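These notes concern the structure reproduced below.
The values are calculated or read from the model by the stated rules, or taken from the named source; none is laboratory data. Owing to the predicted nature of the structure, the values given are computational and were not obtained by experimental measurement. Here the Cβ is made from the backbone with ideal geometry for all residues, glycine too, and neighbour counts use every protein chain on show.
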Amino acid sequence: MQEWRGLERQPSAALANNATTPTPIDPQPSSMSPFRQNATVTRSSSHRSRRRKELGNEEICREPIEPGHDRVIEALFDKIVATIQVGMRLPDSEHESPRWRIAEITPDFRLEDVWTLPAQGSADDFGALLEVMASLDPAHGESASTRVLFSIRYRLGGWFGWDDATRELPIPGYAETTLSARLPVDLRNTATDLDRSSYGFRPLYRTDLEWAAELSNWTVHAVMHLAWVDKGEGRYQGQMGVYVKPRGKLGAAYMALIRPFRHRVVYPALVRQIERAWNTKLAQQPE
């Protein structure tokens, strides 16, 4: 260490020849304030490597902690949480694991999609989620891509008569035209206070933690199921499952055709719409 300090007292011959010399270290006591350490100007990695070679094992090189690095990490974490919060597609098992009442009504339907929704609250907030869902209109939302897809779908439906409301179609494989005939006695007339949503689903039933509605046309008989999932510690989160029963080969081909558009365009846009509406509703609630 004395040889190194000698560099401070004697100008190097290499310096006179405009050669690069290592910057001498100003010895600091071990009790140096961490605030001063954090404020140290960061040297380049090549310079630090050269210093390590010159000093050998006599110096323990500490990488300076950049000021504000914790804020960067927090921002990244918030972004990850926000991505999860916006909503994501879940495996079917996530919706089938709890014993929802919908299982009693749609045993012959296929669970097509499951999404977690950006709506969290207490056990009493399920009604607020239903109000938000009833207020939405995906066909006229902010997503231009979704509006185009719905416009094409409605135009095709008009050409081929897929959405003729004057005819009630039987559930594929059955004579009944609505799932309301399958409802247990305790679930009947439980959703009469809910308006028909703007996107064509007719309410079937409601419990404290579930709500279901059906849609029927010439391509499919479908059920949208909303659940208020207990996450523990008094916290609940919305979850949506869509059950379908295609109507023959046309329905099966139609469902296969629209699958990538549903997953990549329609549902993500719908989830964002739900998030905005949910946040607006929370802001309107009294403190």
Residues of the range 238-280 classified as over 16 Å from S143 (Cβ atoms) and under 19 Å from the mean Cα position of the chain (by Cα), total: 9
Subset tally (residues that are modelled with pLDDT of 90 or more and touching a strand residue (DSSP E or B) at 6+ places or on another chain (Cβ under 7 Å)) for the range 259-287: 4
Selection status of E131, farther than 21 Å from W218 by Cα, within 27 Å of the chain's Cα centre (by Cα) and part of a loop (DSSP other than H, G, I, E, B): no
